[in-house]
Amino acid sequence: MAATSAALSLRVVAECGQTRARACELRLPHGLVDCPVFMPVGTQGTMKGLTALQLDALGCRLCLGNTYHLGMRPGLELIKKANGLHSFMNWPRNLLTDSGGFQMVSLVEFSKVTEEGVHFCSPYDGKQILLTPEKSIEIQNALGSDIIMQLDDVISSTLSGPRVEDAMLRSIRWLDRCIAAHSKPNQQNLFAIIQGGLDPILRNKCLEEMTKRDVPGFAIGGLSGGEAKDHFWRIVALSTKHLPKNKPRYLMGVGYATDLVVCVALGCDMFDCVYPTRTARFGSALVPWGSLQLKNKQYAKDFRPIDENCACPTCQRYSRAFLNALYPIDSAAKHHITIHNIAYQMNLMHLIRENITKQKFPQFVQNFMKTMYGNSSSYPQWAVEALASVGINLE
């Protein structure tokens, strides 16, 4: 099973015989990306706590930048002079830029939505800005990212009522405007974003309409915003069931390890989240059994690495005790933990792909859950039910 466009090809390498999980090769203008893939987030053209060289060395082949923030600062004209975002941030691999739509929720006090677009009051200088679908695509075309996202009407995932349907229908109309405005379809891949809140009927309507458009890929949007996990996984499962099998499926804003494993089982290929880097800056290191709060005094005399089985530069060189001592006095501690957390995410996705390819994914999931939570009575019920829906029985 393969899909090909001028700037994207997707080849399904292996499919799990029991779940919807699949391993794919996604070929983009800046190289091959193995899926399922986790994309670290570099909001303003850089990964907080990491250089581009370090990110590359950790095996990242696709990372994310934020159109709204990049357009505000450092600004589009400067990035144009640098010949695009890849050159500006010295990143030789692939880039995905979001549309700016998420700022409707995250900067809601600064924004107002009309049919024309999103009216922003810039948090940087207070200036009034109108971000239209056309402007979002114009900015992303200039940035030169390998995957660009449509501008969608983003609302809180916990919202109900007529605004949910309004946002879904507007997102369909805005997708058509984005397609019409996209000036580089042979160089950049425009992804549609499925909306519809937590309403299966609205989600199905959006899926039906958007999949009529022959875009290179599809994202599942409007989740990971505080909704109940039971609603979350059911919308993910509904979406992957109806999305084209020959196109990439990107679940936006998901980065917790359990969420990644479950949503791969439900059929998702791509993920992004600030969680691994943000939590590192608070001294939290990700490990197969959860996380370590390295600033806590229990690690002050612990000379083991964060994870004895981790091959990342941090675990090869530094102890928990060193990071505990360094954290309150030097930002380098956050840097070292960030390296480890990104390495953890990259390795998790590698193990997922490897086990799908070897037709051992269900066994991998069983072992992952046991390591992460211990006794099965501690497993999150939503995860148990989600995995059961695709044939993995944890009980």
Taking into account only those residues within the range 256-266 that are surrounded by 24 or more Cβ atoms within 10 Å (Cβ to Cβ) and of a type outside the set (A, V, I, L, M), which is nearest to K334 (Cα to Cα)?
D259
Please give the number of the condition R249 fails out of (1) closer than 17 Å to V37 by Cα; (2) surrounded by fewer than 16 Cβ atoms within 10 Å (Cβ to Cβ); (3) not hydroxyl-bearing (S, T, Y).
(2)
Could you pull out the residue among L10, L58, L50 that is touching a Gly at 6+ places or on another chain (Cβ under 9 Å) and over 15 Å from Q188 (Cα atoms)?
L50
Looking only at the range 212-241, count how many residues are in contact with a helix residue (DSSP H, G or I) (Cβ under 6 Å, 6 or more places away or on another chain) and either surrounded by fewer than 16 Cβ atoms within 10 Å (Cβ to Cβ) or of a type in the set (S, T, Y) (or both).
1
For the range 352-372, which residues satisfy the criterion of being crowded, with 16+ Cβ neighbours inside 10 Å and either of a type in the set (A, V, I, L, M) or within 26 Å of Q316 (Cα to Cα) (or both)?
I352, R353, N355, I356, F364, V365, F368, M369, M372
Name the single residue that is farthest from L10 (Cα to Cα) among those in the range 185-211 being surrounded by fewer than 18 Cβ atoms within 10 Å (Cβ to Cβ) and of a type in the set (V, I, T).
I201
Failed item in (1) touching a Ser or Thr at 6+ places or on another chain (Cβ under 8 Å); (2) crowded, with 16+ Cβ neighbours inside 10 Å; (3) part of a loop (DSSP other than H, G, I, E, B); (4) not small (G, A, S), with P276 passing the rest:
(3)
Can you list the helices (runs of 4 or more DSSP H) lying wholly within the range 115-226 that have 1 or more residues being in contact (Cβ under 8 Å) with a residue 40 or more places away in the chain, within 17 Å of L70 (Cβ to Cβ) and within 20 Å of the chain's Cα centre (by Cα)?
133-143
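Matching residues to (1) within 18 Å of the chain's Cα centre (by Cα); (2) not in a helix (DSSP H, G or I):
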{"position": "G17", "(1), (2)": "no, yes"}
{"position": "K48", "(1), (2)": "yes, yes"}
{"position": "G59", "(1), (2)": "yes, yes"}
{"position": "S87", "(1), (2)": "no, no"}
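Taken together, the values in this text are just the output of simple stated rules run on the coordinates, not laboratory data. These figures come from a predicted structure and were not determined experimentally. Backbone-built Cβ (ideal geometry, glycine too); neighbour counts: all protein chains shown.
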